[in-house]
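The structure appears below as structure tokens.
Each value in this text was obtained by applying a stated rule to the coordinates, not by laboratory testing. Bear in mind that the values here come from a model prediction, so they are computed numbers and not experimental data. Cβ coordinates were reconstructed from backbone atoms using ideal geometry, including for glycine residues, and neighbour counts include every protein chain displayed.
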Amino acid sequence: MTVTTTVRGGGALLVLGQDGEGLPSVLRWGADLPDEAVADLLLLREGPVPHNALDDPWDLTVLPTAGEGWLGTPGIALHRAGGSAAPRWRATVSVEGSCIEVRAAADACAAEVVLRHHLDEHGVLRVSSSITSTAAADEPPLEVSALRTLVPLPTRADELLDLSGRWMRERAPQRHPLTDGTFARQGRRGRTGHDATLLLVAGTSGFGFRHGEVWAAHVAWSGNHEHLVERLPERAGTAAAVLGGGELLAAGEVRLAAGETHHAPDVVLVWSDEGLDGLTRRLTGHQRSRADERTRRPRPLVLNTWEAVYFDTDLEHLTRLADTAASIGVERFVLDDGWFGSRRDDTRGLGDWVVSAEVWPDGLGPLVDHVRSLGMEFGLWFEPEMVNLDSDLARAHPNWILGPAAGPPRPARHQHVLDLAAPDAYDHVLEAVSRLVGEYEIDFIKWDHNRDLHDAVRSDGRGEDRPAVGEQTRALYRLLDELRSRHPHLEVESCSSGGGRVDLGILEHTDRVWTSDCNDALERVAIQRWTGLLVPPELMGTHIGPPRAHTTHRELDLSLRMLVALGGHAGLEWDLTQCSVDELEALRRWSALYRELRPLVHHGDVVRSDHPDPSLVVGGVVASDRSEAVFSIVQVTTGRGVSPGPVPLPGLDPARRYRVRVRPEAGLPATLQTRPPGWFERAVEGSGVVVSGAVLGSSGLPLPVLAPAQGLLLHLVGV
Ligand code: GLA
């Protein structure tokens, strides 16, 4: 007799079926069904028995292994001194609210696993897994080399999307057919990585932003991790393939003594029949429902000093910069790298979290007080997990450097990693950062992490080098939590050489991500669009950089730079003391527009269109009641045709009429090279044009001819 357990949420359904005391199988994860149809799942459950196969049909369990029939990547891999490697689990399944808990014990290897499947009201399934050694004290440790969450995919999911990238080009999409074999994205960088796929998505052929059925996985973790899709010729029980992932463990990384528990990172699974935008809407809802006051309040407009002054931090200059920033409406002033110890460039001083007496003879007080007197918050840059060898910290505590007993690993950006799992190092960092936060009442930390972890082992004091990434990541999360509970108003940004640490693990402990070091607005169009698959706009730092982008040397109009920076938590990273009167006036109007639109952009639903000509990128945010929307339209290269043609605006209410305006404060293209369409002038200067959502969403809006690197902001309000 099969016993089914069901949870529902947001139109999604998870059904587990258990036979006897065995591990339950996932009978369905996808669109909701009425109860009587759930019963039919059992009727149709038993598949055929082909030649050259197990004698009986089988289903993929919540911890699939070869013993049950799955010969692909296992859900769990463990042993005890080489033995007990094929556990037989006795499971109990219970449901509480929207969570199905599976508790399974394997007596022969003295292990217990607990898997919690929580399906929230947004249709996001979050799986938390842990494993405990229940052995007697004199038994050898339980070694766990994998604890993955794997769920079945149906046959119609036959195409994959994932993201890759590098410094300055984070999260670029890749598409491929789903074929036999394992498609795995493994990250061994000791941080999430610029190339990490935010989501691994499987979907029906040709799925896009607005259409197709899609299933996606995300490992909520900032250490080593893997995402995978795997298909074998004999299928996965009654399913076609599996999707999932987990923490990527190094050999010997998890060895559990009697009574010890390993908590795996949560794996977040999302299904939608409304394409990628459907996934994003669910994930955004999921994150917003977990958010605290820090990110619910209006997100202050930022000025960050990095591309304005780099290491050249001079009080007089920064005071003028703060004056100018305040005069255009900036609400948070963030002092970047270079204010501490001997840190006048990136070769020294990292780790010495003491205000430099050489540069700041009176401490940071004069700057902080000035910033506050202008009504702005004050933020400060730290890179707490790192150290330059040329620093007082490294000289005093060389043993706090993470690496093998044989000597420190190879430097990167002249720096090394501190072993945060060493209690003294952890306490030192916590106290040093906390003291400064307290002393200057710092509102915001830009928390950086500027290298991959090579040779990430910690010496156990007996000459043994033990894998360290998992412990390091957990210590970081603890450190952030402790700091934030000591300073309840402190906001933290996760930066890692730009967007190298963007994931839902770090976002449980921080309040926004630095999306990329690339402030080139044209590159940012794609980076922000794809980061936005998982990260809501209010958590994504989007800054206006200098006219000539420092990272690409491309010169771009202020209009495009302003438009693109409105797509997230906006800011500037530019020496405003060098701006012309006209530029400052444009920025003043832009900052007022940011404040006007942020309730919409930071609380609405992200929408993107599948425009057939990839040279034209259309995206926006629609209020959840669809009463208002903004769309940004950017011509990134020359278009395919002589004019873009009418562009449908996604996500609107077809039953409403909208007043459409072009907001010039977001930047208008300098020269509209040709005669614009009839509606355009009224939409820029007059009261706008009123058009039905049905027409805007289907036939679309004829656009002016835009040159490459030009764009527009449309603002629609229901009438
Ligand atoms: C990293 C960050 C930058 C800046 C520098 C400072 O590269 O991504 O934004 O803070 O460090 O050294």
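Odds and ends about this structure:
- Computed about the Cα centre, the dipole magnitude for region 226-340 is approximately 600 debye when only Lys and Arg (+1) and Asp and Glu (-1) carry charge, each at its Cβ.
- Simple rule: put +1 on each Lys or Arg Cβ and -1 on each Asp or Glu Cβ in the chain, find the dipole, and look at Ser494, Leu161, Val26; the Cα lying farthest toward the positive end is Leu161.
- Taking only the Cα atoms of region 203-261, the radius of gyration and Dmax are 16.5, 51 Å.
- Each stretch of four or more DSSP H residues adds -39500 (n - 2.57); spread over every residue of the chain, this sum gives -6000 deg cm²/dmol at 222 nm.
- Think of region 319-392 as having a plus end and a minus end, set by charges on the Cβ of Lys, Arg, Asp and Glu; of Val359, Met386, Ala325, Ala325 sits farthest toward the positive end of this dipole.
- Counted charge near Ala670, where neighbours are those whose Cβ lies closer than 14 Å (Asp, Glu -1; Lys, Arg +1): -3
- The Cα center of region 531-597 and the Cα center of region 239-278 differ in position by 37 Å.
- Net charge, Trp70 excluded, C-beta distance under 11 Å - Lys, Arg +1, Asp, Glu -1: -3
- Across the chain, the convex hull enclosing all Cα atoms gives 161 Å³ per residue.
- Taking the charge dipole of the chain about its Cα centre, with +1 at Lys and Arg Cβ atoms and -1 at Asp and Glu Cβ atoms, the residue from Leu42, Ala240, Leu597 reaching farthest to the positive side is Leu597.
- Net dipole in debye of the chain [+1 Lys, Arg Cβ; -1 Asp, Glu Cβ; about Cα centre; nearest 20]: 1740
- Convex hull per residue volume in Å³, alpha carbons only, for region 573-666: 143
- For the chain, the longest site-free run once GluC sites (Glu not before Pro) in DSSP loop states with at most 15 other Cβ atoms within 10 Å are removed: 465-719
- Cα pair distances exceeding 13 angstrom across region 103-150, given as percent: 63
- Anisotropy class of region 365-476 from Cα gyration tensor, a/c 1.5 cut: prolate
- Packing here is the average count of other Cβ atoms within 10 Å per residue, and on that basis the peptides 320-327, 495-502, highest first, run 495-502, 320-327.
- Using a cutoff of 8 angstrom between alpha carbon atoms and counting only pairs six or more residues apart, the relative contact order for region 592-719 works out to 32 percent.
- Over region 144-260, relative contact order from alpha-carbon pairs under 8 Å, at least 6 apart, %: 34
- Length-normalised contact order for region 215-264 - Cα pairs under 8 Å, 6+ apart - percent: 35
- Selection of trypsin sites (Lys or Arg not before Pro), region 394-442, meeting DSSP coil and at most 14 other Cβ within 10 Å: Arg413
- Where trypsin sites (Lys or Arg not before Pro) fall in DSSP loop in region 217-294, at most 14 other Cβ within 10 Å: none
- A cut-off under 12 angstrom between Cβ atoms defines the neighbours of Leu350, and their net charge, with Lys, Arg +1 and Asp, Glu -1, is -4.
- Shape of region 589-643, Cα gyration tensor, a/c cut at 1.5: oblate
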